[in-house]
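The structure appears below as structure tokens.
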Amino acid sequence: MPDRRHYGFEGQTPEIHEDARVSHESTLVGDVTVGPDASVWPGAILRGDVGPVEVGEETHIGDNATVHVSTLGPRVMVGHSCVINDSTVGEESLVGFNSTVDQSEIGRDCVVASGAVVQQGTTVPDESFAYGVPANIVPLSETTIDVDRVFTDYHSGEYAHLAERHDELFE
């Protein structure tokens with residue numbers, strides 16, 4: 001059996017739903033809960049040491065992302081190499097590759113662009129688009145983003161099916 005990098009911290013140990021797919025090459029520390037049909041990909045670090053990390057149902061955390069003391073709602077997509085620190089991300093939101101969300105609140109049905117930096121204390125309202133450094137925020141309705149297509153492309157359940165096909169990564 002492959003090494004699993006799941007560590008307790010001050011009496012708290014990670015809890016992974018039996019239907020979740022967590023790569024044996026990811027690291028989970030302390031008070032971490034991973035919900036049903038969620039996936040955590042190689043290199044991801046979920047650290048629940050000074051507070052909990054909660055990963056909602058059907059939420060997917062991409063390769064090399066770091067999530068520290070944060071809550072990710074259901075059907076959230078976290079792209080590769082993101083950093084989410086002490087934040088909340090609402091349901092059905094997408095956090096793009098290499099973006100940073102620090103001590104902030106992302107509403108439901110939001111898109112955070114690749115490379116965006118959502119600074120401390122920022123609230124991104126429901127159905128918004130955050131882009132740039134520091135992040136500018138506009139309603140999704142004022143953009144040309146086809147939200148249905150974005151979520152079909154990145155979160156239609158295909159990511160969960162992809163995790164199922166990677167037997168060796170998730171044994």
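The values are calculated or read from the model by the stated rules, or taken from the named source; none is laboratory data. Everything numeric here is computed off the predicted structure, so don't read it as measured data. Glycine also receives a Cβ, built like all others from the backbone with ideal geometry; neighbour counts cover every protein chain displayed.
Rundown of residues vs (1) touching a His at 6+ places or on another chain (Cβ under 7 Å); (2) over 21 Å from Val55 (Cβ atoms); (3) among the small types (Gly, Ala, Ser), yes/no style:
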position: Gly96; (1), (2), (3): no, no, yes
position: Cys110; (1), (2), (3): no, no, no
position: Gln120; (1), (2), (3): no, yes, no
position: Pro134; (1), (2), (3): no, yes, no
position: Leu140; (1), (2), (3): no, yes, no
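Results for (1) of a type outside the set (Asp, Glu); (2) under 29 Å from His6 (Cα atoms), shown as yes or no for each residue.
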residue	(1), (2)
Ile45	yes, yes
Asp63	no, yes
Gly79	yes, yes
Ile84	yes, yes
Thr88	yes, yes
Gly121	yes, no
Tyr131	yes, no
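The rows are residues; the columns are (1) touching a helix residue (DSSP H, G or I) at 6+ places or on another chain (Cβ under 7 Å); (2) within 26 Å of Ile145 (Cα to Cα).
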residue	(1), (2)
Val29	no, no
Asp37	yes, no
Ser70	no, no
Val78	no, yes
| Name the pairs: first residue in the stretch 30-48 and over 15 Å from His80 (Cβ atoms), second residue among the aromatic types (Phe, Trp, Tyr) and surrounded by fewer than 20 Cβ atoms within 10 Å (Cβ to Cβ), Cβ to Cβ under 8 Å, at least 6 apart or on different chains? | Gly30/Tyr7; Gly30/Phe9; Asp31/Phe9; Gly48/Phe9
| Count - residues of the stretch 43-58 that are at pLDDT 95 or above and either crowded, with 21+ Cβ neighbours inside 10 Å or under 10 Å from the mean Cα position of the chain (by Cα) (or both) | 8
| field | Where Glu127 falls short, out of the listed (1) at pLDDT 95 or above; (2) closer than 30 Å to Phe9 by Cα | value | (2)
| note | Every listed condition ((1) on the phi < 0 side of the Ramachandran plot; (2) surrounded by 16 or more Cβ atoms within 10 Å (Cβ to Cβ); (3) small (Gly, Ala, Ser)) holds for Gly8 save (2)
| query | Does Val22 satisfy the criteria of being surrounded by 16 or more Cβ atoms within 10 Å (Cβ to Cβ), β-branched (Val, Ile, Thr), within 21 Å of Phe97 (Cβ to Cβ) and in contact (Cβ under 8 Å) with a residue 60 or more places away in the chain? | reply | yes
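Can you find, within the stretch 36-53, the residue that is farthest from Val76 (Cα to Cα) among those that are touching a strand residue (DSSP E or B) at 6+ places or on another chain (Cβ under 6 Å) and assigned to a loop (DSSP other than H, G, I, E, B)?
As a first pass, look at the stretch 36-53 and keep what is touching a strand residue (DSSP E or B) at 6+ places or on another chain (Cβ under 6 Å): 38-40, 44-49, 52-53.
If we keep only those that are assigned to a loop (DSSP other than H, G, I, E, B) as well, we get 38, 44.
Details: Ala38: 9, Ala44: 15 Å.
Looking at residues that are touching a strand residue (DSSP E or B) at 6+ places or on another chain (Cβ under 6 Å) and assigned to a loop (DSSP other than H, G, I, E, B), I get Ala44.
For residues that are in contact with a strand residue (DSSP E or B) (Cβ under 9 Å, 6 or more places away or on another chain) and under 24 Å from His60 (Cβ atoms), tally how many sit in the stretch 133-154.
As a first pass, look at the stretch 133-154 and keep what is in contact with a strand residue (DSSP E or B) (Cβ under 9 Å, 6 or more places away or on another chain): 133-140, 142-143, 145, 147, 150-151, 154.
When the remaining residues are screened for being under 24 Å from His60 (Cβ atoms), the result is 135, 137, 140, 143, 145, 147, 150-151, 154.
Total satisfying the criteria: 9.
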| message | So, in the stretch 99-147, how many residues would count as being hydroxyl-bearing (Ser, Thr, Tyr), in a loop (DSSP other than H, G, I, E, B) and surrounded by 14 or more Cβ atoms within 10 Å (Cβ to Cβ)? | response | 4
| remark: Given the conditions (1) crowded, with 19+ Cβ neighbours inside 10 Å; (2) at pLDDT 95 or above; (3) over 19 Å from Glu168 (Cβ atoms); (4) of a type outside the set (Gly, Ala, Ser), every one holds for Val40 apart from (3)
